[in-house]
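Peer 1: Input: one structure, supplied below.
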Amino acid sequence: MSTAAQCPPPRPGGGGGDTTLAALGAHMAPCRDTTPEQLAQLIDAHLGDLRQEQPNWTISSSPVAGRGVFATRDIAAGELIFQERALVTGPTARKGQLSSCICCHETLPQTGFLCRHRCTLPVCETCSDSEEHQAECEHFRRWQPKDVDAEQEQVNPMSLRILTAVRVFHLGKEQRHLVDAMQANAERAYRREIIQAAQCFRNFPTTDRVFMDQLFRIVGVLNTNAFEAPCRSGGHETLLRGLFPLTAIMNHECTPNASHYFENGRLAVVRAARDIPKGGEITTTYTKILWGNLTRNIFLKMTKHFACDCVRCHDNTENGTYLSALFCREQGCRGLVIPVQTRTLQPDWRCITCENVFPHAKMAKYQDFALNTINNRINSCSVQDMIHFINELCPRFCPSSNYVLIEAKLNVIWRMTRFDHEEYTPEEMGHMDRYREEVLAILHKLGAGECTLKKLITGEIQ
């Protein structure tokens, strides 16, 4: 791993000075029409010492989505493209991610875990007095949290979710310009997120139009561009919400030519998954690479507001992986049924054996049954029970190639190699090895190259 992963985290309160609303908004000048050249200058300043003297990439206009990252020379598979520190990080505020200090990310005790200064944020005793926490603590106390006098300590996920946006206000001038130069989807749900956060405070500045407009813009940037990055601290792993601007500028492809991973939640590392020719656009994926066509495009439509038009999305077999395939519903036939059309979210389905056609509504119910059945097992079963379920029960209702079953196999791999510390029998290890080979074979068929998932499965990265 790179030593850059050990660098100190950005300090949201490092700017100092006046923290009134007027001062906080003073440098959020609108620069949403930033040219690729201006954006490149902001990115260079952001990269700092991580910028190579002769980078193999550049930012330019993209036919895919406004601007993108392009190769300035031929790049070989596996070659480092860039490394980037997070511009800002914060908690994800998701269930199961509320028990870590928002600064050092150590696991908090069951009691006495809220800030001693009564900002109601979950922070350890040491970090509650730190410079890193000072500005945001003052910010939250100025807004007067409603639950500050609650008898029982409880983390409010709605106010916790807004913390990352608050930290953006405390960045430096050029850093805030970079945030405002990034693309953002203006979605109503983002307004609801801010309203729900405002309801957690007695004095939230909802009548300050300038501040609220800037907050909406920042929340939109974060929801459009932020990543969830794993961070390990003291033997404990949590997920951070991090904004990595250059990584976020890369456009989507369902089987991309580059892949990224994170070092301790604060450093993004991007490498070429396949050979990239000079002038070629460097792409990443906004979805899980092993999801089926239909699932990926529903996700992209709902969260990114576009439909993918890549080669993979036009192949209903997905390079012969049949990740979307279900069993035929015709009596006596056990053939594979796959979507017929590739440009719709409600396709007809056809059996490749008996050629019967089924309506999407029927097959969607079948897919939902498989999804719910397998996910329920993932969330409740031991590794041994999962192996039995995958090997003995799943073949009755789900093809071995279906992406949901592949997810279950990955779950077993992760639990046996990354999270669990118990010993397994040679037979159980043999099942895991077989699952690993099956997943690697699918990645090979997809042409995923040296992707992050392959490196995680083979142990090249942790």
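Peer 1: Can you confirm whether Gln175 is over 30 Å from Thr35 (Cα atoms), open to solvent by 20 Å² or more (accessible area, probe 1.4 Å) and not in a loop (DSSP other than H, G, I, E, B)?
Peer 2: In short, no.
Peer 1: Evaluate the following for Arg377: is it of a type in the set (Lys, Arg) and outside any helix (DSSP H, G or I)?
Peer 2: Values: of a type in the set (Lys, Arg): yes; outside any helix (DSSP H, G or I): no.
When the stated conditions are applied, Arg377 does not pass them.
Peer 1: Another question, if that's okay. Which of (1) part of a helix (DSSP H, G or I); (2) at pLDDT below 90 is the odd one out, the single condition His421 does not satisfy?
Peer 2: In the conditions (1) part of a helix (DSSP H, G or I); (2) at pLDDT below 90, His421 misses (1) alone.
Peer 1: Restricting segment 312-350 to residues that are in a loop (DSSP other than H, G, I, E, B) and charged (D, E, K, R), which is most open to solvent (accessible area, probe 1.4 Å)? Spell out how you get there, then give the answer.
Peer 2: Taking segment 312-350 and keeping what is in a loop (DSSP other than H, G, I, E, B), we get 315-325, 328-335, 340-348.
Next, only the ones that are charged (D, E, K, R) stay: 315, 318, 329-330, 334, 343, 348.
Values: Asp315: 41, Glu318: 3, Arg329: 118, Glu330: 83, Arg334: 139, Arg343: 183, Asp348: 65 Å².
Of everything passing the filter in segment 312-350, Arg343 is most open to solvent (accessible area, probe 1.4 Å).
Peer 1: Tell me the residue from Ser130, Ser99 that is open to solvent by 40 Å² or more (accessible area, probe 1.4 Å), in contact (Cβ under 8 Å) with a residue 12 or more places away in the chain, farther than 30 Å from Thr34 by Cβ and of a type in the set (Ser, Thr, Tyr), please.
Peer 2: Checking each option against the conditions leaves just Ser99.
Peer 1: Have a look at Ala189, Ala165 and point out the one that is more than 23 Å from Gln134 (Cα to Cα) and among the small types (Gly, Ala, Ser). Talk me through it step by step, then tell me what you get.
Peer 2: Working: Ala165 fails: more than 23 Å from Gln134 (Cα to Cα).
Checking each option against the conditions leaves just Ala189.
Peer 1: Hey, can you tell me all the residues within segment 419-453 that are basic (Lys, Arg) and open to solvent by 60 Å² or more (accessible area, probe 1.4 Å)?
Peer 2: Narrowing segment 419-453 to residues basic (Lys, Arg): 434, 436, 445.
Listed by number, the residues that qualify are Arg434, Lys445.
Peer 1: Can you tell me which of (1) under 19 Å from Thr58 (Cβ atoms); (2) over 12 Å from the mean Cα position of the chain (by Cα); (3) of a type in the set (A, V, I, L, M, F, W, C) is the one Phe244 doesn't meet?
Peer 2: With (1) under 19 Å from Thr58 (Cβ atoms); (2) over 12 Å from the mean Cα position of the chain (by Cα); (3) of a type in the set (A, V, I, L, M, F, W, C) applied to Phe244, the lone miss is (2).
The values are calculated or read from the model by the stated rules, or taken from the named source; none is laboratory data. Everything numeric here is computed off the predicted structure, so don't read it as measured data. Using ideal geometry, Cβ is built from the backbone for each residue, glycine included, and neighbour counts are taken over all protein chains shown. Ligands, DNA and RNA are excluded from the accessible area calculation, which covers all protein heavy atoms including side chains. Shrake-Rupley method; radii C 1.70, N 1.55, O 1.52, S 1.80 Å.
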